[in-house]
Amino acid sequence: MDSLLGVDVGGTFTDFLLWQDGQFRAHKRPSTPDDPSRAVLEGIDALEVAPDLIIHGSTVATNAVLTRRGARTALVTTAGMRDLLVIGRQNREDIYDLEPETPEPLVPEELRFELSAALDHHGAVDRPFDPAQARHLLEAARAGGAEALAVSLLYAYANPELEKAFAEVATEFEAEDGLYLSVSSRVSPEYREVERTATTVLNAYVGPVMARYIQRLSDGLEERGCGPLRIVQSDGGSADARRAAQLPVATLLSGPSAGVAGAFEISRSASFDRIITFDMGGTSTDVALCDGAIPTRPDVVVAGFPARTPVVDVHTVGAGGGSIARLDAGGALRVGPQSAGADPGPASYGRGEDFTVTDAQVVLGRLAGGGLLDGSMTLDVDRAHAAGAPLIEAFGTIEAAAQAVVSVAVANMEAALRVVSVQRGHDPREFTLVAFGGAGPLHACALADALEMPRVLVPLLPGVLAAQGAVWSDVTGTRSRSVLTAFEEPTFPALTAALHAVGEEVRAEPGLDAAELHYGFDMRYTGQSYELTIDADPADPGSSGAAFHALHEQRFAHSDLDAAVEVVNVRATAVVAGAGEPARPTFAETEAIPEVTPVWFDGQQHDTPNLRREQLRPGARLDGPAVIHQLDTTTLVEPGWTATADDDGNLVLERAR
């Protein structure tokens, strides 16, 4: 393949990384929130290339949920279950909140319908299916203005027969009226009615939005003579455009997962396999702890809505370069989660009025220089100062206000890192912080200081690392099935058969027929409410027992080797290896003399050298303070830190001894 293009759409910038004829090119441009595909197509035009394959990290599904701009969705359930999502689990995020607020259901009351056909808890048909009733419900959904329909029948995980019968009737109706169909036995064939129904509804809610976006982008790519499109999924792999349109719920963490995957590959190559990833963009910060492997979990919650779909275990906070600083009613400084986004953006970008984290860095002299994107995007220093003027009364000087804004933003991100490390029994001092995203390397030293982490790794192309991770992504697909059976020797043949069955199902997906299969069990002690996912071997299913006890001990500090264990779900993930190659550094032909500019650190100005990243050849060592510029980001080496360039072009930042 001659050319591969990775694309990641963020809240502020859209990032591109192109591999062509053994060379790579990075590109960034402002995102277009009204239509994300426009920035993607404009970037391809700017690169003047028609890639053979485009692999795209997408925020379309996530934003549709966050902004409540998904399709008008109807739900068909078994009689007596129409209010299942309203009742939910009755869980409280905060048990001390006397007036908890739950999000309005994605399906309005008038579009919740009941089907008389039913299964018993073993999956046997209790009441037969009536095609005429199904047709009537479909007509009622259409009359109510529904664009999408979710079907989740009681005990369908045990027997999909009734849902398949409904889907056959709906397929005819869909051909007539274009109703998007989401069926639980296809989307999430697992027990727990609330989560299965919520996942199926989410898939229906974002389905038409995602399908239209993919079609619009695919049309634009075809007009330019480009190759096929793949979409990054929440598990860090990717799927072809058709599968992504059919199962968009699997893309809810598309962008962040690609960044973690890219960071892990680069770190492992640099001999750091215990890392905490720190992806700070314009709108949010995503963090994940990788202790020798990329962490995954089988579910995710977006804007209060749960979904059962494999995801990279990422924790997100509303702290980014565009996070808006303000004084609250009590005079305390708040930074985020509100963001200036791409439009209008930070004040220093020339249109915004609010003082943001980026503007604070401009005031402190860390970003002024020649602007962003290799000087193609100038920064308005005076406008940044004017936007921060309302904070001067509280802090005395604009520089003190800017430092306070940065400190609060770092504290918000420190709290996020503590969630994935300290709160889960890990000591951050034993890990390397991998900083990427457009703003990550600018804040990495301060964050590492706050957590006493020994070093920071800044990849060669940190600002477009999610796009790089997209290119590296494997083609993946996962299928699961609830079995709810005891984990003991007499059940092992049945467990092996179930693993092979889901393996065959996932290999039937387009493009996965020759994939390598990885199997897993969702296991728990009998009587527990939640499970741990353990690798499984169909040839020796009993080998998962020891691994389950060990993981339970690690996660919860206790285990019981004599307690009964059960398998709730079996899983099979198909993997086809990606085709990306590592980016290789290029260096300046001559060693330039650094420009020295004043930069503020902790209330004092320091004469600080400004360098280009390509000036740092392997082995080059630089003592802080220093500012290192490149197309996709700015790296800040704070006083008391040193930066060393390795053979792959990464920067290793460590405290000076």
Can you pull out the residues in the range 161-189 that are part of a loop (DSSP other than H, G, I, E, B), out of contact with any Leu (no Cβ under 9 Å at 6 or more places or on another chain) and surrounded by fewer than 24 Cβ atoms within 10 Å (Cβ to Cβ)? 178, 189
Residues located in the range 299-328, provided they are outside any loop (DSSP other than H, G, I, E, B), within 26 Å of residue 463 (Cβ to Cβ) and within 15 Å of the chain's Cα centre (by Cα): 300, 302, 311, 312, 315, 316, 317
Collect the residues in the range 30-86 that are touching a Lys or Arg at 6+ places or on another chain (Cβ under 6 Å) and of a type outside the set (A, V, I, L, M, F, W, C), keeping them in residue-number order. 32, 37, 43, 82
Spans of helices (runs of 4 or more DSSP H) in the range 375-447 with at least 3 residues in contact (Cβ under 8 Å) with a residue 60 or more places away in the chain: 398-420
If you go through the range 52-60 one residue at a time, do you hit one that is in contact with a Phe, Trp or Tyr (Cβ under 9 Å, 6 or more places away or on another chain), surrounded by 11 or more Cβ atoms within 10 Å (Cβ to Cβ), assigned by TED's automatic domain parsing to the domain that holds residue 232 and in a helix (DSSP H, G or I)? yes
When the range 488-506 is checked residue by residue, the ones that are among the small types (Gly, Ala, Ser) and either in a strand (DSSP E or B) or surrounded by 18 or more Cβ atoms within 10 Å (Cβ to Cβ) (or both) are 498, 503
Flag if residue 214 is among the β-branched types (Val, Ile, Thr), assigned to a helix (DSSP H, G or I) and at negative phi: yes
Only one residue in 533, 485 is closer than 17 Å to residue 298 by Cβ, among the polar types (S, T, N, Q) and either outside any loop (DSSP other than H, G, I, E, B) or touching a His at 6+ places or on another chain (Cβ under 7 Å) (or both). Which one? 533
Taking only the range 140-153 into account, find how many residues are surrounded by 16 or more Cβ atoms within 10 Å (Cβ to Cβ) and in a loop (DSSP other than H, G, I, E, B). 3
Over 21 Å from residue 190 (Cα atoms), in contact with a Phe, Trp or Tyr (Cβ under 9 Å, 6 or more places away or on another chain) and free of Cβ contacts under 8 Å to residues at least 24 places away in the same chain: which single residue out of 64, 46, 143 fits that description? 46
Can you name the residue in the range 628-657 that is more than 22 Å from residue 27 (Cβ to Cβ) and β-branched (Val, Ile, Thr) and is also surrounded by the most Cβ atoms within 10 Å (Cβ to Cβ) among such residues? 637
Go through the residues of the range 525-532 one by one and say whether even a single one is without any contact (Cβ under 8 Å) to a residue 40 or more places away in the chain and among the polar types (S, T, N, Q). yes
For the range 82-135, enumerate the residues that are crowded, with 18+ Cβ neighbours inside 10 Å and more than 18 Å from residue 149 (Cβ to Cβ). 118, 119
Checked the range 15-36 for anything surrounded by fewer than 23 Cβ atoms within 10 Å (Cβ to Cβ) and of a type in the set (S, T, N, Q); matches are 20, 23, 32
Residue list for the range 8-28, filter: over 23 Å from residue 67 (Cα atoms), in contact with a strand residue (DSSP E or B) (Cβ under 8 Å, 6 or more places away or on another chain) and part of a strand (DSSP E or B): 16, 17, 18, 19, 20, 24, 25, 26, 27, 28
Would you check if there is a residue in the range 257-265 being modelled with pLDDT of 90 or more, assigned to a loop (DSSP other than H, G, I, E, B) and not basic (Lys, Arg)? no
Over the range 231-246, the set of residues crowded, with 24+ Cβ neighbours inside 10 Å and either basic (Lys, Arg) or assigned to a loop (DSSP other than H, G, I, E, B) (or both) is 233, 234, 235, 236, 237
Checking the conditions here, which among 198, 261, 204 is crowded, with 24+ Cβ neighbours inside 10 Å, out of contact with any helix residue (DSSP H, G or I) (no Cβ under 8 Å at 6 or more places or on another chain) and outside the structural domain of residue 40 (by TED's automatic domain parsing)? 204
What's the number of the condition residue 535 fails, among (1) touching a helix residue (DSSP H, G or I) at 6+ places or on another chain (Cβ under 7 Å); (2) more than 23 Å from residue 551 (Cβ to Cβ); (3) at pLDDT 90 or above; (4) of a type in the set (Asp, Glu)? (2)
Residue that is surrounded by the fewest Cβ atoms within 10 Å (Cβ to Cβ), among those in the range 266-284 that are of a type in the set (A, V, I, L, M) and either in a strand (DSSP E or B) or in contact with a helix residue (DSSP H, G or I) (Cβ under 7 Å, 6 or more places away or on another chain) (or both): 275
Note on residue 185: of the conditions (1) small (Gly, Ala, Ser); (2) over 20 Å from the mean Cα position of the chain (by Cα); (3) over 25 Å from residue 498 (Cα atoms), unmet is (3)
So if I check each of 312, 287, which one is crowded, with 24+ Cβ neighbours inside 10 Å, outside the structural domain of residue 389 (by TED's automatic domain parsing), touching a Leu at 6+ places or on another chain (Cβ under 8 Å) and within 22 Å of residue 190 (Cβ to Cβ)? 312
Taking the conditions exactly as written (crowded, with 17+ Cβ neighbours inside 10 Å and in contact with a Pro (Cβ under 8 Å, 6 or more places away or on another chain)), does residue 431 satisfy them or not? no
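Let's see how each residue does on (1) assigned to a loop (DSSP other than H, G, I, E, B); (2) not basic (Lys, Arg):
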site	(1), (2)
81	yes, yes
85	no, yes
89	yes, no
92	yes, no
105	yes, yes
121	yes, yes
126	no, yes
132	no, yes
138	no, yes
Search the range 465-492 for residues being among the small types (Gly, Ala, Ser) and within 21 Å of residue 508 (Cα to Cα), and hand back the single one that is farthest from the chain's Cα centre (by Cα). 482
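The values are calculated or read from the model by the stated rules, or taken from the named source; none is laboratory data. For clarity, every value in this text was computed on a predicted model and none was experimentally measured. FYI the Cβ positions are ideal-geometry reconstructions off the backbone, even for glycines, and counts take in every protein chain you see.
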